[in-house]
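The values are calculated or read from the model by the stated rules, or taken from the named source; none is laboratory data. This structure is a prediction, so every number in the text was calculated from the model and none was measured. Neighbour counts run over all protein chains shown; Cβ positions are idealised from the backbone, glycine included.
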Amino acid sequence: MQKTKRAILASIAIFAMVAMTMPVMADDHQRGDLPPSDSMFWEVFSQMTTPDDTAGCNAALSDYITNHPDEFGGPDVEQMRSEMSQMCTQVANMPEDMQSGMTSDGVETSLFNSGNTNWHAIDGLYFQKLGDNDAPMGRISFSNTIDFMSYRFFNFMNNFDNMVRFDGGYISLNAAMVPDMISYGATLTMYQLGFDQQPDIYVSSGANMRKAIEGIDYSDLVWNDAENSLSFTPGHFSSFKAVQRGSTVKKMKISSVKKKSIKYKEGKTFKLTVKGKNLYKKGQDVSCTLGSQQAERVWTSKKGNKVICRYGMDSFSSLGTFPLTVSITGQGEVTKTNAVRIK
């Protein structure tokens, strides 16, 4: 959902660029990040019912300026108030831009249903990825009421492409990045499986894929023979793969990562060389995700025993230690926690 992500960030960036008294937040948006969870943006956003609630936005901004005289004092306060009012008008375009982006990315959702007049309390929310034939490939739905206007859920949406992946018979949710999303009551559905009977489910467990255990890895499993679909509630977020009953899945393993510690240099790129087992399969796409950032480019060594992942340094300006995930489309993925430190 890259176009959806750009629509979200473009709308929020307007706020950051207008609020010149918040230079750190503006810098964050130049890097394509969300404002920090304790920033002015989320305090204002929390008082709006939807992103196009212009009246609520203006009222919240007015209250914020009044209640924070140290930030907005001086002779230019009315000019600041006027400029921020323009921001409310611009942010109002977010729902339309998001819907257009999702449609272009082949994603269907219930978010824009006419009954969703309060985005702080959305029931029955789902996102469904369509395949080349416009038939559904995979779906994630939430049984709990969702506060879409919160930092927590926007962060999930902002990194949706890197954290949630659908491929025929395979759904991956990056456990290292979205552990708290399980509390939303997620249900996963795989479509177009092509099996003549209920398949087995394999799940990523540490460095390996193993057969999933009912009651621990999943529950409420439903196999629809007519639709060739499989639905279940995950016990934790990880990678799930449906396979022909009685089949096995090759184990993936990361044994080492070259460049465990990297010094941050703005505007530069860096490469990680990953060694392990079954990290490459000819004819299938291989991807790397460090933290929530997908590699700009991924390639393998001539012998196929190494995966090289290249990243833009600016995406890691927050510094810290990040997990690394290597994924093979349709096969599985493996994650190494605390793999790389950016300092």
(request) Pairs only if they're at least six apart or on different chains, beta carbon under 6 angstrom, first in segment 122-136 and within 12 Å of Thr109 (Cα to Cα), second surrounded by 13 or more Cβ atoms within 10 Å (Cβ to Cβ) and among the acidic types (Asp, Glu); list them, first residue then second. (result) Gln128/Glu108
(message) Name the single residue that is surrounded by the most Cβ atoms within 10 Å (Cβ to Cβ) among those in segment 196-252 being touching a Ser or Thr at 6+ places or on another chain (Cβ under 6 Å) and among the aliphatic types (A, V, I, L, M).
(response) Val203
(request) Out of the residues in segment 135-156 that are touching a Gly at 6+ places or on another chain (Cβ under 7 Å) and not aliphatic (A, V, I, L, M), state the one that is nearest to Ile171 (Cα to Cα). (result) Phe142
(request) Evaluate segment 230-251: report whether one residue or more is out of contact with any strand residue (DSSP E or B) (no Cβ under 9 Å at 6 or more places or on another chain) and modelled with pLDDT of 75 or more. (result) no
(request) Return the residue satisfying two criteria in turn: it lies in segment 252-287 and is assigned to a strand (DSSP E or B) and in contact with a Gly (Cβ under 7 Å, 6 or more places away or on another chain), and of such residues it is modelled with the highest pLDDT. (result) Thr269
